[in-house]
Structure formats: C-alpha cells, structure tokens
Amino acid sequence: MPAMVHERFTLHVPLMSKARPRAFSGQKTPYMPQAYKKWKKLARAQLAEHWTDPPLKKIEVVAFKFFGPARGDLDNLIGAVLDAGNQLVWEDDRVSIISKMQGEHEKAKTNEQKIEVRLWYLP
C-alpha cells in the first residue's frame, strides 16, 4: 500500500464565514453577497498557487486552523474554504470525497489573519 501524502499550505486571507445564497421572488439564480464572492476569488487564487495537480478524488483527512478574531462559527469558516477549493484542490466537498475533517481556531490580531490547510491522501 502506498504511503499517505501530507500537504500543508497557508492562505493569507481574512477569515470569512460561508455565505448563504439569498433568493428573491422572481429571481432565477440565488444572490450571493459581493464580499463573499470577492473573498472566495482571493482564497481560490491562493489555493491555485499551492495546488497545481488535478482535483483530488479522495482525501482521508483535511484539517483547517483559523487564526484571527473570534467571530463566526467554525463550521461556516470551514465551509467557505471548502467552497473555494471545490473543483480545484478537491473534486467536491461531499463525504464520499473528504472522509474526515478537523477545524480549530486560534485568536489572533485582525492584521495577522490566516488559514492553515493540511491534507492527507493516498496518491
């Protein structure tokens, strides 16, 4: 059996909670807040600098460590990074692709915000 691969990279972006799409009557496509779309584009660009391989079809563990002000819910912080990495680092964030997830937060100053991402997968 091949050895597990471990990758680690850091995103230098402010912490952002996953936005919920909003739908209004008569609207065909749900509205996503502009600030979230801008953040996702920035996070995705930084992920693309670290990840140049095709998206992973199976990840054993993905771990996130968030450094910044203590605001928001951990699951929503994780959800935002998962959205940014879909079809880039991982094919999708379904449980059939990502088996296990971990998340933690460490308080840091606003100007020191960052997100550490660690992946374990079989080649």
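Every number here is computed from the coordinates shown, using simple stated rules; none is lab data. Quick caveat: nothing in here was measured; it's all calculated off a predicted structure. Because the Cβ atoms are built from the backbone with ideal geometry, glycine has one as well, and the counts that use them run over all protein chains shown.
In terms of Cα to Cα distance under 16 Å, which aspartates and glutamates are near enough to K57, apart from those fewer than 8 places away along the same chain?
E7, D83, E91, D92, D93
Where the centroid of each part is defined by its Cα atoms, how far is region 49-123 from region 1-40 in Å?
Cα centroid of region 49-123 versus Cα centroid of region 1-40: 10 Å apart.
Just check the chain against the gyration tensor rule for me: Cα atoms, a ≥ b ≥ c as the square roots of the eigenvalues, rounded for a/c under 1.5, and otherwise prolate or oblate depending on whether a/b exceeds b/c.
Cα axes put the chain in the oblate bin.
Against the longest alpha carbon principal axis of the chain, how many degrees, from 0 to 90 and to the nearest 10, is the axis of helix 74-85 turned?
Around 80 degrees separate the two axes.
With +1 on each Lys and Arg Cβ and -1 on each Asp and Glu Cβ, and nothing else charged, work out how big the dipole of the chain is about its Cα centre, in Debye to the nearest 20. Each step should come with its number before you reach the end.
Working: 20 positive and 14 negative charges, 106 e Å.
Here the size comes out at about 500 debye.
Where in region 80-102 does the label zone of K38 land, with the point 7 angstrom along Cα→C-beta and an amide N cut-off under 20 Å?
Counting only backbone N, you get 80-81, 83-85.
Convert each backbone phi in region 87-102 into a coupling constant with the Karplus relation 6.51 cos²θ - 1.76 cosθ + 1.60 (shift: θ = phi - 60°), then list the ³J(HN,Hα) values in order as whole Hz, x for Gly and Pro.
6, 10, 8, 10, 4, 6, 9, 5, 5, 6, 9, 10, 6, 9, 9, 10
As a footprinting exposure proxy, order I59, I115, I97 by other Cβ within 10 Å, with the fewest listed first. Show your work: numbers first, answer last.
Numbers: I59 20, I115 24, I97 16.
In increasing order of surrounding Cβ atoms, one gets I97, I59, I115.
Could you put L74, L47, L56 in order, starting from the residue whose Cβ has the fewest other Cβ atoms within 10 Å?
L74, L47, L56
Would you kindly derive the ³J(HN,Hα) couplings of region 104-116 from the backbone phi angles with the Karplus curve 6.51 cos²θ - 1.76 cosθ + 1.60 (θ = phi - 60°), listing them in order in whole Hz, with x for Gly and Pro?
8, 10, 10, 5, 8, 5, 4, 7, 10, 5, 6, 9, 9
Round to the nearest 0.05 the FRET efficiency obtained for A70 and R22 when R0 = 35 Å and r is the Cβ-Cβ distance. Working shown, then result.
Details: r = 26 Å, r/R0 = 0.74.
The computed FRET efficiency comes out at 0.85.
Any idea which of V89, W39, G26 is furthest toward the positive side of the dipole for the chain, if Lys and Arg beta-carbons carry +1 and Asp and Glu beta-carbons -1?
Farthest along the dipole direction, towards plus: G26.
Report, for the chain, the % of DSSP beta bridges that are antiparallel, rounded to 5.
Counting DSSP beta bridges with both partners in the chain, the antiparallel share is about 60 percent.
Can you tell me which lysines have their Cα less than 21 Å from the Cα of K107? Leave out same-chain residues fewer than eight positions away.
Leaving aside lysines fewer than 8 places away in the same chain, those within reach of K107 are K18, K65.
Which whole-Hz ³J(HN,Hα) couplings does region 39-48 yield from phi under the Karplus relation 6.51 cos²θ - 1.76 cosθ + 1.60, θ = phi - 60°, glycine and proline marked x?
Running phi through 6.51 cos²θ - 1.76 cosθ + 1.60 with θ = phi - 60° gives 4, 4, 5, 5, 4, 5, 4, 5, 4, 5 Hz.
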